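Taking it in order: structure first as structure tokens, then the write-up.
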């Protein structure tokens, strides 16, 4: 009887690990800019509710083990109380994924969204629903959950994140009537949620996603076994960004890519040959002119 019970317990634990939620999401709420008599306990509750929503929601139909969870962090900076239970500020979303055969993690997403306004009441709970707009906090969190998942899947297979980019697009479409900013292309700040996902799914931006895959799978994931070949593959992958830049120079999506990758590229090619350093600097000065000063560090 004891043996049978032990087997049942082991089976239960294994089945639980097989259907673990997809995200290992760290949440931080910074409210240091809020002055006055605002109840600070509301932000502790907000952190708990957002943490539970991000980590307990089943975002896909795929099965993940605990070790396969996608590492990410959401930093919500509350800058102002704009009304009863209503706040404005920003949200920064960062995700990373492990590099094969190493203890190194590469950053996939690094987005700072400064158009974040939302309502949160004490004892609120967040419920998953991408088929309709419920409230801005839920929709923004769902949107970025799918951006993180989509970027992760794109790094493991060519265009593998498409179904999740489409889910993010659906959330955008359902939010077009929202009073809060950040969802519409017509708004003053064009670098918004709508633009990111619309661009991503357009053929003209396919080069970014192709680069994203080759950079990770044929470059970083082979760095341990053959660093010279891996570096050459990363250089080749970045060439895929040239057509994107020529068609859409200084696009938001290119900025998002280099926000995540700029420092890593510098560190990788510091160890390259003189020829590689010259080639990569020449390329990067064209496709990422905003980083020109930083790229001089490659010559070291």
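Taking R0 as 22 Å, what FRET efficiency do you get between residue 299 and residue 239 from their Cβ-Cβ distance, rounded to the nearest 0.05?
Working: r = 20 Å, r/R0 = 0.92.
Once rounded, the FRET efficiency stands at 0.65.
Nearest 5 is fine: what % of DSSP beta bridges in the chain come out antiparallel, could you say?
Antiparallel: roughly 75 percent of the beta bridges in the chain.
For segment 84-139, just say rounded, prolate or oblate: build the C-alpha gyration tensor, square-root its eigenvalues into a ≥ b ≥ c, call rounded for a/c under 1.5, and beyond that prolate if a/b exceeds b/c, oblate if not.
Values: a/c = 2.91, a/b = 2.13, b/c = 1.37.
It comes out prolate by the Cα gyration axes.
If I stretch the segment between residue 63 and residue 286 completely, what's the gain in nm (0.36 nm per residue apart, minus their alpha carbon distance), one decimal? Show your work: numbers first, answer last.
Details: separation 223, 0.36 × 223 = 80.28 nm, distance 4.12 nm.
Roughly 76.2 nm would be gained on extension.
To make sure I understand, if each residue's beta carbon is the centre and we count other beta carbons within 10 Å, what order do 209, 217, 231 fall in, fewest to most?
Values: 209 25, 217 17, 231 21.
Sorted ascending by nearby Cβ count, the order is 217, 231, 209.
Which value at 222 nm does the chain reach when only helices count, each DSSP H run of 4 or more adding -39,500 (n - 2.57), with the total divided by all residues and rounded to the nearest 500 deg cm²/dmol?
-14500 deg cm²/dmol
Report the Cα centroid-to-centroid distance between segment 37-56 and segment 184-252 in angstrom, as an integer.
So the two Cα centres are separated by 34 Å.
Kindly identify segment 113-262 as rounded, prolate or oblate by the Cα gyration tensor criterion: order the square roots of the eigenvalues as a ≥ b ≥ c, call it rounded if a/c is under 1.5, otherwise compare a/b with b/c, prolate if a/b is larger, else oblate. Mind showing how you got there, number by number?
On the way: a/c = 2.59, a/b = 1.85, b/c = 1.40.
Since a/c reaches 1.5 and a/b is larger than b/c, the shape of segment 113-262 is classed as prolate.
What is the Cα coordinate range of segment 1-149 on the first, second and third principal axes, sorted by size from largest, in whole angstrom?
Principal-axis extents of segment 1-149 (Cα, largest first): 61, 38, 31 Å.
Given Cα pairs under 8 Å that are at least 6 residues apart, what percent is the relative contact order of the chain? Before the final figure, lay out the partial values.
Numbers: 461 pairs, mean separation 37.0, N = 300.
In percent, rounded to a whole number, it is 12.
Based on the alpha carbon coordinates of segment 176-232, what radius of gyration and maximum Cα-Cα distance (Dmax) apply, in Å?
So, for segment 176-232, Rg and Dmax equal 17.5, 52 Å respectively.
Which distance in nm do the two modelled labels at residue 228 and residue 159 give, with both placed 7 Å along the Cα-to-Cβ direction?
3.6
Hey, got the Cα dimensions of the chain along the principal axes, in Å, largest first?
Here the spans come out as 64, 60, 36 Å, largest first.
How long is the gain from residue 275 to residue 34 if the chain were fully straight, where each residue apart is worth 0.36 nm and the alpha carbon distance is subtracted?
Numbers: separation 241, 0.36 × 241 = 86.76 nm, distance 5.19 nm.
Computed gain between residue 275 and residue 34 is 81.6 nm.
Would you mind computing, in nm to one decimal, how far apart the modelled labels at residue 56 and residue 79 are, each placed 7 Å from Cα along Cα→Cβ?
My value for the distance between the label points is 3.2 nm.
Where a ≥ b ≥ c are the square roots of the eigenvalues of the C-alpha gyration tensor, would you call segment 204-300 rounded, which needs a/c under 1.5, or, failing that, prolate if a/b is larger than b/c, or oblate? List each step's numbers first, then the result.
Details: a/c = 1.90, a/b = 1.24, b/c = 1.53.
Oblate is the answer for segment 204-300, as a/c is 1.5 or above yet b/c matches or exceeds a/b.
If you count the DSSP beta bridges with both ends in segment 1-149, what percent of them are antiparallel, to the nearest 5? Please list the in-between numbers first.
On the way: 24 of 32 bridges.
Taking every DSSP beta bridge with both residues in segment 1-149, the antiparallel ones total about 75 percent.
All of the numbers you see were taken from the coordinates with simple rules; none came from a lab. Everything numeric in this text was worked out from a predicted model, so none of it was measured. Note: ideal-geometry Cβ built from the backbone for every residue, glycine included; neighbour counts use all protein chains shown.
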